[in-house]
Amino acid sequence: MTVYVLRRLTAGLVLAVLVTMITFLLLSTSFDDVASSVLGNGATPGQIAAQKAQMGLDRPLAVQYGDWLSHAVRGDLGASYFTSEPVRSAITARLGVTLSIVVVALLATSVISVALGVAAAARGGAVDRFAQGAAMTGYLVPSLLVAIALVYVFAVRLHVFPATGYTDFSENPARWASSIAIPVVALMMGGVASLTSQIRGAMIGELRKDYVRTLRTRGIPTRSIVLRHALRNAAGPALTVLSLEFIQMLGGALIIEQIFALPGFGQYAFNASLQGDVPIIMGISLFGVLLVVAVNLVVDLLNGWLNPKARIVS
Amino acid sequence: MTTLLEVSDLRVTYPGRGFRARSHEVLHGVSLTVGQSETLGVVGESGSGKTTIGRAVLGLVAPSGGTVRFRGNDITRAGRAERRALARDIQVVFQDPYSSLNPALTIGDILGEPLIVQGTETSEARRRVAELLDQVGLPKDASQRLPREFSGGQRQRVAIARALAPAPRLIVCDEPVSALDLTTQARVLDLLVDIQRRTGVAYLFISHDLAVIRQVSHRVSVIHHGDIVETGTAAQVTTAPEHPYTERLLLAAPVADPAEQRQRREARQRL
Amino acid sequence: MTTPNADTRRRSTLRRLIADPQAVVSASLLVVIVLLGLLAPVLSDHGADEANLDAVNAGVGDHGYLLGGDKSGRDIFARLLYSIDTSVVSALIGTSIALAIGITSGLVGGYFGRRVRGVAEWLFSLIMTFPGLLLLIVLMPVTKGDYKATMIVFGVLLSPGIYRLVRNLVLGVKNELYVDAARVSGLPDRRILRRHVLTVVRGPVIIATAFLAGSSIAVQSGLAFLGVGSNTVPSFGAMISEGFTNLYEEPLQFLWPSLALGIITASLVLLGNALRDALEGGRPKPARIVTATAYRPPATESAVSGLLTVDDLAIAYPTPTGELKEVVSGVTLSVAAGETLGLVGESGSGKTQTAFAALGVLPSEAVVTRGSIRLDGRELLGLSERELRAVRGTSIAYVPQEPMSNLDPSSTVGAQLVEGVRAATPMSTGEARNRVLALLARVGIPEPERTFRSYPHQISGGMAQRVLIAGAVASRPLLLIADEPTTALDVTVQAEILDLLRDLRREPNMTVLLVTHNFGVVADICDRVAVMRAGTVVETGTTEELFARPQHPYTRTLLDSILDETTLRTDPPATPAGALETEKR
C-alpha cells in the first residue's frame, strides 16, 4: 500500500510541475503586453524591451521557469509586479475562504448523493423518482442563476441568511455557517445531480450481479449486502466523478464569490490576470494544480482502499 | 496425404499487465500438423494454451518463437497484406455464437462483407450468400434478419457459413459447440462433418470436450500447460492413451451410464 | 450492401425521437432560438452596442426598444439576439475541439495497442489536472479575453471526457469476437473501425455532444459574468452581470438574459436525455432485493411428500407489452430426505427458475402465479425477505454455477464466508473464523489460512468453487441446491468437485437438488432424475430406470443426443473430386 501511495504522490507532483510549466509557456507569449502594462500607456517599443530586460522577462524561458520553480519549492513565490505584495501570503489569506466553500460543498454533495443514489437503486419507487427529479433539476439550471435566485429569495426577501460577506470560522462558527450556507447550496446543485445519477446507475448494476444473489442465499441481511458489498464495488467509478466535480466546483466557486462578495481568491486571480501580473498568476496556477492533485490523490487512495485489484496489480 | 498446416516449436508469450510486470509464456514450443481434408483435434483444459494455438495460426496473436507454415509458406510473421490474402484459405468459427456476430448488421451483411472486400461483385456476392445459407441449412430469408432473432445453434450456423464463404482450405474451429445445448450440439457437429465430406476442407478443431473431439477428429493432440503431451490417431488417443494426463482426462469425463460411471470413477480414484 | 432491416432500425430510432415530447420540444426550442440569433440583424433595428443616453433603463416598449433598455441605454432585445450568436459560436468551438481531439485519440488509443494508449492516458491525465475555469481566467493575457480563443482552450479541457468515453467503447468492442472474425475475414483496419467500431461509438458521442454544448455555453456565460472578455461582445453572462448590479431597481434587466440562458441550457439537457432514451433504450431500472411475496398459496394438504415438495409451480415474467409470459408452467416434483435429485433440461426449460423460486431469489420482475414450495412441511412461497433469512443457510443453501462472478471482488474470501456463517448462526467472530478455516480444509483447499486472506481474483476457478461450496454447507443445511456447479469448470476439476459433493452429502445426510444439463453428472451422483422441458416436468424416475428405459420421447431425444463414447471418425480424409474449387485459383 505504501508503494502505491508513493507512486501516486510522485505522479501527482510531476503533473503539477508539467502543468505550471505549460502555463508559463503559454503566458510567455504575452510578456510584451505585461511589460507595457507596467509602464502604462504610450510606451515605445524600446522602453518595453528595456522594461522586459529589467524584469528578467527576456531571459531564455527554461531559465525563467527554472528560477521560479527553484524558489517555489522553497516556499518563495515572489511578489506582485504592481503592489509588491508577497504572493504566497496574499493567496493563502484568500484561499481559506474559497476552500471552505468548496470543501463543505464537496462533502455535502458526497453524503447526499450516496444516500440518494443508494436509496433510489435499492428501493425504487417513489424514492427513485424523487432522486431522478432532483438530479434533473440540478442539471437544468446553471448554478449561476440558482445562486442569484437564492440570494433574492433568502437574503433579500426573507432575510434569513446574509446576502453578502463572509465571517471567518475562527471568529464565529455560527455566523460562518450562515454566511456560506447559500453559496454552498448553489455550488452543490450540479454536483448532486451528476453524482447521484452516477451512484444510482452503478448501484443498480452491482445489485444485479451474481454475487449479490449468492450473499442473499447465505442469509446475510439486505442492508449489509447493499452497504458493505454493493456500495463498495460501485464506489470506484463514482470517485472518478467526484474528482471531476471538484474541478467544476473550484470554477463555480469563483463565480459564486463574485455574487456573494466573498473575499476568496477568485477576484484576486481575476485582477492579477487582467494586469498580467505574472508572479501572482503563476502562484495561483501552482495552488490550483496542487489542490487538484491533492484531491486526486485522496480519491486514488480511497479507490485503492476500496478496490483491492487497483492496489495490488498496478 | 499432403500437409496443409505445419506448426513447429511454436512459442507464444503474453505480456504482463501494468508498466513493468513480468510476461509469461503460454506455449512452450508446440508442434503439430494438419493434412489436407483431415481434422486434427486439439484437446486441453483451460489455461492449456489450446485457444492460443488457433489464434497464432489465424494471425490474431504474434508468436515469440517457432514457425507456422501453410502450404509450405512461412506465415509466422505475415504482414497485414499477406494476412488478407490468407483470409481466402484460412478461416475461423469461434465459440460464442452471441458475440461472434455483429449485432447491428443483418445476416446478409455479415456474410457478404468479406466477399465484397475481396472484390466480389454485389450481385455475385448475394448469390453466394444464398448458396451458403442453403449449405448450412438456414432459410433464405435469414439474410434480411438480425442475429438477435436467431437461436444460439442457428447463429453458429451463420458463423460456419461465414467461414465457408471464401471456400477455404482450413478452418480453425475454436470450441464451436461448447456454448450449445445437447440436442443442438449434435446437429452442428453433424453439419461440420458433412461439410468436410462434401468440400474437403480441413479442420483444426479445438475443444475441451473429449466426446466432441472424438466425433469429428481423425487425429488428436493433447495439450497440457503449454506442451503437447500426446499425438496420435483418434482411436489410439481416446481409447488407449499413452500419457498419464490423457488417461486422467479420459477418466475424469463422466459417462452417461450409472454402472459404467461407477467403474470409471473407481478407476480414476485408483490413479 | 445495406439491407432493408438496417434502414428500418435507423428509422425506428428517428420515430422514437419524434414521438418523445421531450425531444420535440427541446429540439424545436433550440432551432427557433438559433434562427432568432441568425436573423438578429433583420429582427432588430438597433445594434448590440448602440447606446442611446436617452434610453438608459428604458421600460418595455420605450424608444422602440422591445424589451427596454439597459443601464447604458442599449437595446436589450437586440443584445439578447446577438448574445445567442455568441453562445452558438461558443458551443460550436468548444464542442468541435473536444470531439475532434477526444474521438481521434479515443479511437486510436483504444484500437491500436497498449503503448499508444499509455501515452494517450498520460496526456489526458495531464489535461485533467489543469484547474478548469481558473486556468481560463489566468490565461487572459494570452487569450486577450477573446471568447473564441478561450473556448478553444476549454475544448481542450473537455476532451479527456470524450477520450475516456470513446476509448472505453472501442476497448469493449475490440474484445468482441466479431471484430476478431472481421480481421480473419481479411477486412482492413480502416473498414473495421468504420463499420464495426464507429457504429458503437456513434450513439454515446451524439448524446455527449448535447451535454458538451450545454457546458460550453454555461462556462462562457460564467466567464463573461466575471468580466473576462471584452464588454463589446454581447453575451448572456455580461448581461446577467449588468442586470445583477441593478437587481433591486430594474429586476427585468436581469430576468430577460437569465430566462434566455436558462431555456437554452435546459433544452440542451433535455435533448441529451431524450437522445439517450432513444439511442440507448432509456435509463436502467432499480433492482430491488425482494421476494415475490404477492402470491401466497392456500394452506392445503400437499399432493406430494418429501423434504422439498414443489406443487404445480408457475412463474411468469411481464413482456414489453405488459402481458405475462410463463417460463415455468406447473412443475411438480419432490425430493426425499437424504436423496440427490437431478433436475435436467436444456436452456429455457425453467430448471434454474424453479431452483431460484425455492431459494426465494427470483428477480423482482418475476411473478409467481400459482403453486406451492414446501420445505419440511413449511411453505416457502409468500415469505418475506426477513422470514426467508431465517431459513437460508441453516435449512436451505445454494451453490452457483459460475464461481468467479459469485464472489464479491472487493472482500476477502474469509470475510465473506465468516459473514455468511454468522448470519445463519449467531456466534463470535473468532468462532466463525475457526469454523470457516476448518471448512476450507474440509473442502480440499491446500492452504486454508492463505485462501482465507486472499481476494477472489487471486484464486483459481476450481478453488473458488470449493470456497462457494464451503460457504453453502457451513451452517449444515438440510437441503443444498446446486445450480450446474461443475459446468464452468475443467473436466478434471469437475470430477474432484463431484467427489467432494458426494462426500459432503454423506455427513449430515444432506439432501441435494442438482440442476444440470450433463447426463454424465447425473449418472455419477444422482439417485433420482426429473427431466424438464419448456417449463414442465416431462418425466421422473430413478437414475437407472431413466437411462435404461426412458419413457417420454423428449427424454429419449436427449439421451440420443449424448455423444457416444465409442463413435469415431471412420472415413479417412479424402479429397472429393471437383469439390475443391481452390485449384481454380
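Some observations on this one:
- Listed here are the strands (runs of 3 or more DSSP E) enclosed by the stretch B:1-93 that have at least 1 residues being of a type in the set (Ser, Thr, Tyr), more than 18 Å from the chain's Cα centre (by Cα) and crowded, with 18+ Cβ neighbours inside 10 Å, and there are none.
- Residues in the stretch B:73-91 that are free of Cβ contacts under 8 Å to residues at least 12 places away in the same chain and within 21 Å of B:Thr3 (Cβ to Cβ): B:Asn73, B:Asp74, B:Glu82, B:Ala85.
- Search result, residues across the stretch C:481-519 that are more than 26 Å from B:Ile223 (Cβ to Cβ) and surrounded by fewer than 18 Cβ atoms within 10 Å (Cβ to Cβ): C:Arg502, C:Asp503, C:Arg506, C:Glu507, C:Pro508, C:Asn509
- Conditions (1) polar (S, T, N, Q); (2) more than 24 Å from B:Ile228 (Cα to Cα); (3) free of Cβ contacts under 8 Å to residues at least 40 places away in the same chain; number of the one not met by B:Asn102: (3)
- Screening the stretch B:168-203 for residues that are aliphatic (A, V, I, L, M) and at the interface with chain C (Cβ under 7 Å from one of its Cβ atoms) and picking the one that is farthest from B:Gln91 (Cα to Cα) gives B:Leu182.
- Taken together, the residues in the stretch C:511-531 that are farther than 19 Å from B:Leu182 by Cβ and either within 12 Å of chain B (Cβ to nearest Cβ) or free of Cβ contacts under 8 Å to residues at least 40 places away in the same chain (or both) amount to 2.
- Any hit, the stretch C:218-239, residues being of a type outside the set (Phe, Trp, Tyr), without any contact (Cβ under 8 Å) to a residue 60 or more places away in the chain and closer than 30 Å to A:Val127 by Cα: yes
- Residues of the stretch B:233-254 that are at the interface with chain C (Cβ under 8 Å from one of its Cβ atoms) and either over 15 Å from C:Thr492 (Cβ atoms) or among the polar types (S, T, N, Q) (or both): B:Ala234, B:Ala235, B:Thr238.
- Residue in the stretch C:475-494 that is away from chain B (no Cβ under 13 Å), over 32 Å from the mean Cα position of the chain (by Cα) and modelled with pLDDT under 90 present: yes
- Residue check, C:Val328 at pLDDT 90 or above, within 16 Å of C:Thr542 (Cα to Cα) and surrounded by 13 or more Cβ atoms within 10 Å (Cβ to Cβ): no
- One residue stands out among those in the stretch C:161-209 that are part of a loop (DSSP other than H, G, I, E, B) and surrounded by fewer than 19 Cβ atoms within 10 Å (Cβ to Cβ): the one that is farthest from the other protein chains (Cβ to nearest Cβ), which is C:Asn175.
- The single condition from (1) surrounded by fewer than 18 Cβ atoms within 10 Å (Cβ to Cβ); (2) over 13 Å from C:Thr86 (Cβ atoms); (3) not small (Gly, Ala, Ser) that C:Gln253 fails is (1).
- As for the stretch C:428-451, it holds no residue that is at pLDDT below 95, within 28 Å of the chain's Cα centre (by Cα) and at negative phi.
- Members of the stretch C:235-292 found to be β-branched (Val, Ile, Thr) and either closer than 21 Å to A:Phe130 by Cβ or away from every other protein chain (no Cβ under 12 Å) (or both), listed by number: C:Val269, C:Ile289, C:Val290
- All helices (runs of 4 or more DSSP H) inside the stretch A:194-301 with 1 or more residues being buried (at least 22 other Cβ atoms within 10 Å of the Cβ), within 9 Å of chain C (Cβ to nearest Cβ) and of a type in the set (Lys, Arg): A:210-217
- The set of residues in the stretch B:84-132 that are more than 7 Å from chain C (Cβ to nearest Cβ) and aromatic (Phe, Trp, Tyr) contains only B:Tyr98.
- Residue list for the stretch C:502-524, filter: modelled with pLDDT of 90 or more, farther than 21 Å from C:Ser347 by Cα and part of a loop (DSSP other than H, G, I, E, B): C:Met510
- None of B:Ile206, B:Ile223 is at negative phi, more than 7 Å from chain C (Cβ to nearest Cβ), over 14 Å from the mean Cα position of the chain (by Cα) and modelled with pLDDT of 95 or more except B:Ile223.
- Of the strands (runs of 3 or more DSSP E) lying entirely inside the stretch C:337-400, those containing at least 2 residues that are farther than 27 Å from C:Gly461 by Cα are C:367-375.
The values are calculated or read from the model by the stated rules, or taken from the named source; none is laboratory data. None of the values given here were measured: they were computed from a predicted structure. With ideal geometry, Cβ positions are generated from the backbone for all residues, glycine too; neighbour counts draw on all protein chains shown.
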